[in-house]
1. Say we look at region 136-190 and pick out the residues that are of a type in the set (Phe, Trp, Tyr) and surrounded by fewer than 24 Cβ atoms within 10 Å (Cβ to Cβ); which of these is nearest to Asp559 (Cα to Cα)?
2. In region 401-432, how many are in contact with a helix residue (DSSP H, G or I) (Cβ under 6 Å, 6 or more places away or on another chain), of a type outside the set (A, V, I, L, M) and crowded, with 24+ Cβ neighbours inside 10 Å?
3. Only one residue in Ala214, Ala247 is of a type in the set (Gly, Ala, Ser), out of contact with any Asp or Glu (no Cβ under 9 Å at 6 or more places or on another chain) and either assigned to a loop (DSSP other than H, G, I, E, B) or modelled with pLDDT of 95 or more (or both). Which one?
4. Return a yes/no flag: does region 290-298 have any residue that is over 30 Å from Met152 (Cβ atoms), of a type in the set (Val, Ile, Thr) and surrounded by 17 or more Cβ atoms within 10 Å (Cβ to Cβ).
5. Identify, please: which residue in region 86-115 is surrounded by 24 or more Cβ atoms within 10 Å (Cβ to Cβ) and closer than 17 Å to Ile530 by Cβ and is, among those, nearest to the chain's Cα centre (by Cα)?
6. Out of the residues in region 456-502 meeting the condition of being under 30 Å from Asp586 (Cα atoms) and not hydrophobic (A, V, I, L, M, F, W, C), tell me which one is modelled with the lowest pLDDT.
7. Among all residue pairs at least 6 apart or on different chains, which show Cβ distances below 8 Å where the first residue, located in region 402-414, is small (Gly, Ala, Ser) and the second is buried (at least 18 other Cβ atoms within 10 Å of the Cβ)?
8. Working only within region 267-325, note down all residues that are under 22 Å from Phe232 (Cα atoms), among the polar types (S, T, N, Q) and without any contact (Cβ under 8 Å) to a residue 40 or more places away in the chain.
Amino acid sequence: MIECTSTGAYLAHGQWIPADAGAPAALAALGFDAAAMDQAKKGTIAWSILQAHNTSGSEDDLKIKFDAMASHDITFVGIIQTARASGMTRFPLPYVLTNCHNSLCAVGGTINEDDHRFGLSAAKKYGGIFVPPHLAVIHQYMREEFAGCGKMILGSDSHTRYGALGTMAIGEGGGELAKQLLGRTYDVARPGVVAVYLTGQLPVGCGAHDVAIALVGALFKSGYVKNKVMEFIGPGVATLRQDTRNAIDAMTTETTCLSSIWQTDAATQAYLAAHGRPGDYRPLAPASLAYYDGVVKVDLSAIRPMIALPMHPSNAYTIQELNENLEDILYACEQDVQKLTGHSLDLRSKIENGRLRVDQGVIAGCAGGLYDSICEAASILKGHTGGCDEYALSVYPASQPVMMALDKAGVLASLMASGATIRTAFCGPCFGAGDVPFNGALSIRHTTRNFPSREGSKPGAGQLAGVALMDARSIAATTANGGILTAATDIDYDPTVPDYVFDDTSYRARVYQGFGRGDYDALLKLGPNIKDWPEIAPLGDNLLLKVASYITDPVTTTDELIPSGETSSYRSNPLGLAEFTLSRKDPAYVGRAKAVQAEEAARRDGQGDQALLARVQAVPGCERLTWQDVQIASTIFAVKPGDGSAREQAASCQRVLGAGANIAVEYATKRYRSNLINWGMLPFQIAGPAPFGLGDYILVPNVRKALAGDLSDIPAYVLGEDGPRAFSLSIAPLTEDERQILADGCLINYYKR
């Protein structure tokens, strides 16, 4: 079904040539000489788009300026506040503010709607585009209105992926968007490019999520595409409908790749033309000779209906494999959930006569709420219902135009007749703010993630439910079977999808289009929960860190660093949101971090602990240090933090609680490491076992000087009761700007300076 090469490879006139000792002769036989081989890396689609947006003059050290940006209502307030504090006066590029995460105003009084009003006032003041709540989820709006061949788009949501429409899109933390608003660039070393070579054709009953889950299952744990670009090519692309490509593309984020791009064809051209933008199409394909850093070969005809069990999209099985090994696989999943959350999720009790009963179905968001998937789900459900017991199905079309097209095709009426409830465009089911199931339930969802608490449960309050990811077609088949897990390939149905007609009258009626015509003297409309960022000190000459959390899980997600769900309402209030930091992973963290923050406040006031200073002075070369020379901050240790969301609050919440660094074996994603840097937190790494534990003090002497050095061997000391113990930290390569941001204490300070 999926196989990965162990080396790079050349695509030469449609043939794959492994990049081994035999490559020169094989390529010569096809008419390519050594000079052509040297230039083959320039033959990818990704190369041409990246270089077209690169302003650095270097082919390897890129400084990217984007064509457009997008944020939603969990992130845009903080981004605009950051850019405003840094001197922004207008939006220099199209910036779309959607309201698809905090759409519901049911938690925290008026604060969500206050954020929406703030967003509209910012669009009016700075010249932005404002999409009101319930009109569209962020990524569907960008597909419909902005994505085009050869473009680049930056978004403050990790699933910013429009590669299937020829757009290289990247999801990053808010600091990177603030840089674009300030006329700066997105700085990144030229990423590797991995080909995803598609052949064959999907069987009837298989859809986008079946391909996506299979890819995530094969690629996430190995890191095969980590921080690289996934380039989808091959004859199988033409067999996929455009909506299917779009939905697969959204899920590439879960492989930890940097971005994605697809070859384009008549289907892409038809999609853009249908959305009133035929000029945004151009054919994209690899050159006659292109070099790839790896190749993922996918036989679409071998894809089968998939399920990703709790609590990660990579926990992937075919539905057939699961059904044939229910007891064993569910037991293993229960053990994983116990290790991850510290709580029990009883899945085996849901086995009935050798089959798995599920409790809820959801089809929603940028991956599931697309026209084709919903049409096929309705066809499968025609003449069937999920019954009137506990099982229920809800469907969220991804935009009002999709809703209108489904309505005109009679699909909505058909779904409602089957007992499904139809909701407006909303991302809530993807992050735990919609369709929260009952305690102990198992929900199957065509959404993007199934991390802990993504269904909205609170394990610390004695509540736990689980989400399994599945394609809309198999969710419909399961619904038709009364909630008994069923693959859509086991159902006889008509997969024909009515022609899609895009009607943008709802956008023309409600979307505020202000790019290039801001009222720059207007005032922003602030609600009582919208707060400025607190003042952050620059990095001191010597840094004393205290370990406030010690996490040994193989991977720590951003959801664990700052929970999603009900906390989203507080994301315009940095100090208020910080109270939730690590609340479900390490509930004592906030208290520990505040205690360290109090130590730093006492130090600044001349009241530093003299016994602790004596331990600092016991470090060789530090004998004459005083408290005026040493800055105190907290840190967390985690093996591999940062998988998941792009939201900057996973880092900024630590920072406003006084954190000065993270220490990790490696960072799960570039975007989390970038968030740490933009908030002035040193992204330390350590090789081998950590010589410290929870509550230990770590001195990094001469840290500012170390930051200006080669970063590969930074001396550090654990301040033990019996004297200091030396060890080494490192920081992966930094740009000069990143070094200065860290020295200044955060991005805001950098721009002020």
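The values are calculated or read from the model by the stated rules, or taken from the named source; none is laboratory data. It should be emphasised that the depicted structure is a prediction, and the values quoted were computed from it without experimental measurement. Using ideal geometry, Cβ is built from the backbone for each residue, glycine included, and neighbour counts are taken over all protein chains shown.
1. Residue satisfying both the conditions and the ranking: Tyr186.
2. Going through region 401-432 one residue at a time, the tally reaches 3.
3. Just one listed residue meets the conditions, Ala214.
4. no
5. By that ranking, first place goes to His101.
6. Residues of region 456-502 under 30 Å from Asp586 (Cα atoms): 456-469.
The next check asks that each one be not hydrophobic (A, V, I, L, M, F, W, C); those that pass are 456-460, 462-463, 466.
Values: Gly456: 80, Ser457: 82, Lys458: 79, Pro459: 79, Gly460: 75, Gly462: 83, Gln463: 89, Gly466: 94.
The residue in question is Gly460.
7. Once the first residue is small (Gly, Ala, Ser) and sits in region 402-414, its partners that are buried (at least 18 other Cβ atoms within 10 Å of the Cβ) give Ala405/Tyr371; Ala405/Tyr500; Ala409/Cys375; Ser414/Ala378; Ser414/Leu381.
8. Within region 267-325, just Gln269 meets the criteria.
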